[in-house]
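Everything below concerns the one structure shown next.
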Ligand code: SF4
């Protein structure tokens with residue numbers, strides 16, 4: 001996680017109303033020089049200022065389209081801002097209002113660990129292994145995948161990307177989210193025993209050589225700290241309370257939760273499914289609480305939408321992007337100072353772009369992601 005120095009004192013103690021007025025004023029002032037992108041998991045006060053909202057794939061695609069503005073202020077987490085920098089032209093500067101807004105899942109795979117794991121796995125098996133990384137990963141992991149014949153994927157296109165990868169090679173190294181990898185491969189018809197968990201913190205990844213030779217999928221031992229809070233018991237409880245509830249969860253949830261749910265899908269797919277369901281439908285949703293609350297509010301009076309968990313499942317790092325940090329970034333831009341720019345070096349940028357472009361160029365992927 002990167003260090004974000006404390007904001008100057010003038011940003012502390014401002015009321016929400018004052019912050020909103022000042023952000024709106026800066027936005028007006030910066031005009032077409034500025035585009036604000038907001039991830040669905042952001043809090044409402046921040047989302048209100050986003051020119052575009054979306055999940056990680058949609059926002060990556062939107063970032064790639066921003067050719068005429070000077071600044072993209074990304075209200076999301078660090079890996080998303082990196083993807084935006086990779087996909088935008090050199091003249092567009094990508095700003096993350098709080099540099100400490102990381103992603104615990106992305107932090108679970110480092111390049112050093114991946115290089116070590118790669119050496120072990122490819123040293124044992126003669127089969128061609130294709131590395132696939134979820135977009136929720138650092139730029140250097142994406143770059144590794146691009147350089148080694150692999151690609152990125154999102155939660156909405158993972159099956160399509162895995163199927164492409166299996167045309168390129170015999171085995172897949174999937175990282176950093178073991179759950180998305182397992183849920184996707186299982187839904188494609190692969191048995192659980194064809195998947196081996198790669199634990200970078202164990203000697204020789206916690207795998208025996210015959211286990212490496214037998215596995216079709218190597219699932220990196222990473223997870224999302226938000227989506228792994230959902231449990232199969234919560235599904236049982238919802239059904240006990242009211243059997244009319246349908247359960248829809250994100251594929252970053254544990255396999256057992258996805259098996260208990262009626263449906264699983266990316267953030268965009270969850271929103272679309274609930275919006276399109278008939279009047280009076282009841283939904284229990286297993287994903288980040290800001291999204292669920294907004295969906296419940298939007299669908300008030302038509303459908304019942306509630307979080308699958310009784311507890312607040314919130315992405316605490318995403319939550320760091322608040323109005324004071326947004327205002328600070330915009331104030332600095334208006335004063336001609338670029339702060340918190342996220343920049344990916346040329347080599348990493350080149351190969352991550354290859355991994356991202358391989359994903360984006362697959363047919364039928366120009367649709368919805370995390
Ligand atoms: S919800 Fe999970 S995967 Fe998404 S940014 Fe937060 S920690 Fe990362």
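The values are calculated or read from the model by the stated rules, or taken from the named source; none is laboratory data. Note that this is a predicted model, so its numbers are computed, not measured. Here Cβ is always computed from backbone atoms with ideal geometry, including for glycine, and neighbour counts include all displayed protein chains.
This table checks each residue for (1) assigned by TED's automatic domain parsing to the domain that holds residue 136; (2) touching a residue at least 40 places away in the same chain (Cβ under 8 Å); (3) more than 16 Å from the ligand (Cβ to nearest atom); (4) surrounded by fewer than 17 Cβ atoms within 10 Å (Cβ to Cβ).
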{"residue": "202", "(1), (2), (3), (4)": "yes, no, yes, yes"}
{"residue": "219", "(1), (2), (3), (4)": "yes, yes, no, no"}
{"residue": "243", "(1), (2), (3), (4)": "no, no, yes, yes"}
{"residue": "246", "(1), (2), (3), (4)": "no, no, yes, no"}
{"residue": "251", "(1), (2), (3), (4)": "no, yes, no, no"}
{"residue": "260", "(1), (2), (3), (4)": "no, no, yes, no"}
{"residue": "263", "(1), (2), (3), (4)": "no, no, yes, yes"}
Scan (1) in contact with a strand residue (DSSP E or B) (Cβ under 7 Å, 6 or more places away or on another chain); (2) assigned to a helix (DSSP H, G or I); (3) more than 16 Å from the ligand (Cβ to nearest atom) for the single condition residue 81 breaks and write down its number. (3)
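Just give me the residues in the stretch 100-130 being in a helix (DSSP H, G or I), more than 16 Å from the ligand (Cβ to nearest atom) and out of contact with any strand residue (DSSP E or B) (no Cβ under 8 Å at 6 or more places or on another chain), in sequence order.
Once the filter is applied, which keeps residues that are in a helix (DSSP H, G or I), more than 16 Å from the ligand (Cβ to nearest atom) and out of contact with any strand residue (DSSP E or B) (no Cβ under 8 Å at 6 or more places or on another chain), the stretch 100-130 yields 111, 112, 113, 115, 116, 119, 120, 123, 124.
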So, in the stretch 222-238, of the ones that are assigned to a helix (DSSP H, G or I) and closer than 23 Å to residue 316 by Cβ, which residue ends up farthest from the ligand (Cβ to nearest atom)? 234
Looking at this structure, is residue 52 modelled with pLDDT of 95 or more and within 16 Å of the ligand (Cβ to nearest atom)? no
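Conditions tested, residue by residue: (1) over 30 Å from residue 179 (Cα atoms); (2) out of contact with any strand residue (DSSP E or B) (no Cβ under 8 Å at 6 or more places or on another chain); (3) touching a residue at least 12 places away in the same chain (Cβ under 8 Å).
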{"residue": "292", "(1), (2), (3)": "no, no, yes"}
{"residue": "296", "(1), (2), (3)": "no, no, no"}
{"residue": "307", "(1), (2), (3)": "no, no, yes"}
{"residue": "313", "(1), (2), (3)": "no, no, yes"}
{"residue": "317", "(1), (2), (3)": "no, yes, yes"}
{"residue": "322", "(1), (2), (3)": "no, yes, yes"}
{"residue": "344", "(1), (2), (3)": "no, yes, yes"}
{"residue": "354", "(1), (2), (3)": "no, yes, yes"}
{"residue": "360", "(1), (2), (3)": "no, yes, yes"}
Return a yes/no flag: does the stretch 86-99 have any residue that is in a helix (DSSP H, G or I) and outside the structural domain of residue 175 (by TED's automatic domain parsing). yes
Against the definition (within 30 Å of residue 203 (Cα to Cα), touching a strand residue (DSSP E or B) at 6+ places or on another chain (Cβ under 7 Å), within 16 Å of the ligand (Cβ to nearest atom) and not in a loop (DSSP other than H, G, I, E, B)), how does residue 133 come out, yes or no? yes
If you scan the stretch 1-35, which residues turn out to be loosely packed, with under 10 Cβ neighbours inside 10 Å and either free of Cβ contacts under 8 Å to residues at least 60 places away in the same chain or touching a strand residue (DSSP E or B) at 6+ places or on another chain (Cβ under 9 Å) (or both)? 5, 6, 9, 13, 15, 17, 28, 31, 32
Would you check if there is a residue in the stretch 279-290 being touching a residue at least 60 places away in the same chain (Cβ under 8 Å), outside the structural domain of residue 162 (by TED's automatic domain parsing) and surrounded by fewer than 19 Cβ atoms within 10 Å (Cβ to Cβ)? no
Candidate set: the stretch 63-75, residues that are modelled with pLDDT under 95 and under 16 Å from residue 342 (Cβ atoms); chosen: the one nearest to the ligand (Cβ to nearest atom): 63
If I go through the stretch 268-324 residue by residue, how many of them are assigned to a helix (DSSP H, G or I) and within 16 Å of the ligand (Cβ to nearest atom)? 14
Could you list, in sequence order, all residues of the stretch 143-166 that are in a helix (DSSP H, G or I) and crowded, with 22+ Cβ neighbours inside 10 Å? 143, 144, 145, 146, 158, 161, 162, 165
